[in-house]
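Worksheet: the structure to be examined is printed underneath.
Values in this text are rule-based calculations from the coordinates and carry no lab data. No experiment lies behind these values; they were computed from the predicted model shown. Neighbour counts are summed over all protein chains in view; Cβ atoms, including those assigned to glycine, are modelled from backbone coordinates with ideal geometry.
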Amino acid sequence: MKKIYNIGVEATMDVIGGKWKPIILCNLRHNPSRPGELRRQIPGISQKMLTQQLRELEIDNIIVRKVYHQVPPKVEYSLSPYGETLNGLLDILCSWGEGHVQTLKSMGEEVQILE
């Protein structure tokens with residue numbers, strides 16, 4: 001099936017859009033992580049949703065799933081070389097979010113980033 005996008009951002013959002021994918025990618029860009037580590041780093045995401053999002057990112061060649069054949073089994077996710085091309089975009093999203101939080105604070109809202 002041929003995909004048709006009206007503008008480039010549609011193609012971008014088709015791959016990294018949604019509530020969880022950008023957060024997963026920001027967590028993976030610094031260190032490879034196991035699914036349990038990602039669950040701890042991303043409060044609020046269910047195991048089912050995490051698994052679904054990881055599978056979709058893997059299908060889109062954004063992340064790599066590495067299986068270690070040991071007992072107990074170990075699986076680790078990391079950005080693929082293609083996924084690393086998103087680092088600039090992720091930097092901009094993080095910076096914008098930090099600035100947005102500062103703007104909200106200056107407007108009297110109680111908000112913080114836990115980093």
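Work out the length of the dipole vector of the chain about its Cα centre, built from +1 on the beta-carbon of each Lys and Arg and -1 on the beta-carbon of each Asp and Glu, and round it to the nearest 20 debye. Intermediate values should be presented prior to the final figure.
On the way: 14 positive and 13 negative charges, 111 e Å.
Here the chain has a charge dipole of around 540 debye.
For helix 87-106, report the angle its Cα long axis makes with the longest principal axis of the Cα atoms of the chain; keep it between 0 and 90° and round to the nearest 10°. Approximately 40 degrees, to the nearest 10.
Only one of (1) 0.99; (2) 1.21; (3) 1.07 was calculated from the structure for Cα Rg over 2.2 N^0.38 Å, and its label is (2).
Straightening the chain between His30 and Thr85 buys 18.4 nm, computed as 0.36 nm per residue apart minus the Cα-Cα spacing.
Please give the net charge around Tyr68, taking every other residue with its beta carbon less than 15 angstrom from that of Tyr68, where Lys and Arg add +1 and Asp and Glu add -1. Around Tyr68, the charge tally is +2.
Taking a sphere under 15 Å around the Cβ of Gln52 and counting the other residues whose Cβ falls inside, with K and R at +1 and D and E at -1, yields a net charge of +3.
Rounded to the nearest 500, what is the chain's calculated 222 nm mean residue ellipticity when only DSSP H runs of at least 4 contribute -39500 (n - 2.57) each, over all residues? Display every interim value, and only then the final one.
Details: 5 runs with 57 residues, N = 115.
The helix contribution divided over the chain gives -15000 deg cm²/dmol.
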